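Laboratory data are not the source of any read-out in this text; all were calculated from the coordinates shown. Here the structure is a predicted model, which is why all the values come from computation and not from measurement. Heads up, the Cβs are rebuilt from the backbone with ideal geometry, glycines too, and the neighbour counts pull from every protein chain shown.
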Amino acid sequence: MRRWLYGLSTLAAALWSQAAPNAQTATPPPEEVDVALVLAVDVSYSMDLDELALQRNGYIEAFRSKQLQDAIGNGALGKIAVTYFEWAGGNFQYVVRPWKIIDGPAAANAFAEELGEAPTRRGRRTSISGAIDLGVQLLEQANVTAMRRVIDISGDGANNDGRPVTAARDEAGAKGVAINGLPVMLKQAGYFDIDNLDAYYRDCVVTGIGAFVIPIREKHQFVEATRTKLLREIAAAPPDATIRKAQATTPSTCLAGERQWRERMGN
């Protein structure tokens with residue numbers, strides 16, 4: 001009887017030793033990084049296929065560049081966390097690459113390869129506010145401790161879906177999140193284009209100390225503009241060096257996209 005009880009207790013102990021690690025698995029402690037960077041990329045139908053390819057390629061080439069890889073390595077901790085998602089209307093958002101730690105050339109090149117292999121999706125309408133809200137959510141879910149938290153918005157139109165962009169911007173800013181902009185201004189005669197999109201981004205989208213806007217007006221500017229933008233975000237350049245002036249000086253109407261949609265679509 002004693003032998004049977006001993007065998008039973010030994011078996012129970014063995015089973016517990018196997019199950020305990022799974023039962024007690026805890027979330028690893030947050031990893032410290034210089035920057036937690038959300039790349040939010042517009043894939044609405046107003047972007048044609050050529051522009052979508054150029055936009056994706058801009059990020060791919062940026063992460064492959066030695067200049068960007070050196071900037072990451074020269075940070076205080078020498079690493080950043082980055083995630084990349086595509087967005088259109090308020091109900092169209094897709095995380096292409098979840099959070100990844102970039103701590104050297106190998107990781108940066110791998111991130112670029114992953115972006116190159118992923119399909120590009122497209123959706124209706126333009127919700128910059130939805131993109132900002134998801135960006136904040138992703139930052140809050142990231143298991144990192146970052147010296148700076150940044151959302152990087154690229155797109156070719158004004159907000160015309162979801163809540164007002166200024167409401168999302170202000171909530172993000174209140175949480176200490178910086179937002180920078182990369183307005184794509186290749187076409188100025190499209191059905192839903194607005195004049196001076198760079199000024200709209202300046203007045204209605206970006207926020208935070210040293211927040212900046214880098215407009216793209218020619219196709220050949222995609223790679224350089226994207227790399228320059230990422231370098232400034234990662235290297236934390238002084239505010240005076242990070243602001244690219246918009247051409248227009250008149251303040252933008254931050255509900256211009258919503259108004260345009262109602263006038264042209266009737267809802």
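In sequence order, region 40-54 has phi-based couplings of 10, 10, 6, 10, 5, 5, 5, 8, 6, 4, 5, 5, 4, 5, 5 Hz under the Karplus curve 6.51 cos²θ - 1.76 cosθ + 1.60, θ = phi - 60°, and Gly or Pro positions carry x. Close amide H pairs (under 5 Å, H built 1.01 Å from N) link Glu32 with Thr145, residues at least 5 positions away or on another chain. One chain, two ends: Asn91 and Asn57. Fully extended at 0.36 nm per residue, the span grows by 9.7 nm beyond their Cα-Cα distance. The amide H of Asp156, built 1.01 Å from its N in the peptide plane, has Val184 as neighbours under 5 Å, considering only residues 5 or more places off or on other chains. A straight chain from Ile209 to Glu114 at 0.36 nm per residue would run longer than the Cα-Cα distance by 31.1 nm. Exposure proxy ranking for Lys79, Lys175, based on other Cβ atoms within 10 angstrom of each Cβ and starting from the fewest, stands as Lys175, Lys79. Classified by the C-alpha gyration tensor, region 31-265 has a prolate form. Its axis ratio a/c, with a ≥ b ≥ c, is 1.5 or above, and a/b is larger than b/c. Proximity of backbone amide H atoms, modeled 1.01 Å from N, is registered between Gly123 and Ser44, Tyr45 at under 5 Å, excluding neighbours fewer than 5 places apart on the same chain. Which FRET efficiency value, to the nearest 0.05, is calculated for Asp48 and Gln137 with the Förster distance at 45 angstrom and r the Cβ-Cβ distance? Once the sixth-power term is evaluated, E becomes 0.95.
Bridges between two residues of region 31-265, per DSSP, are antiparallel at a rate of about 25%.
Under the 0.36 nm per residue contour assumption, what length would be gained going from the current alpha-carbon distance of Ala174 and Arg122 to full extension?
15.6 nm
Sequentially through region 171-187, phi angles give Karplus couplings (6.51, -1.76, 1.60; θ = phi - 60°) of 5, 5, x, 5, 8, x, 8, 8, 10, 10, x, 10, x, 9, 10, 6, 10 Hz, Gly and Pro residues having no value and appearing as x.
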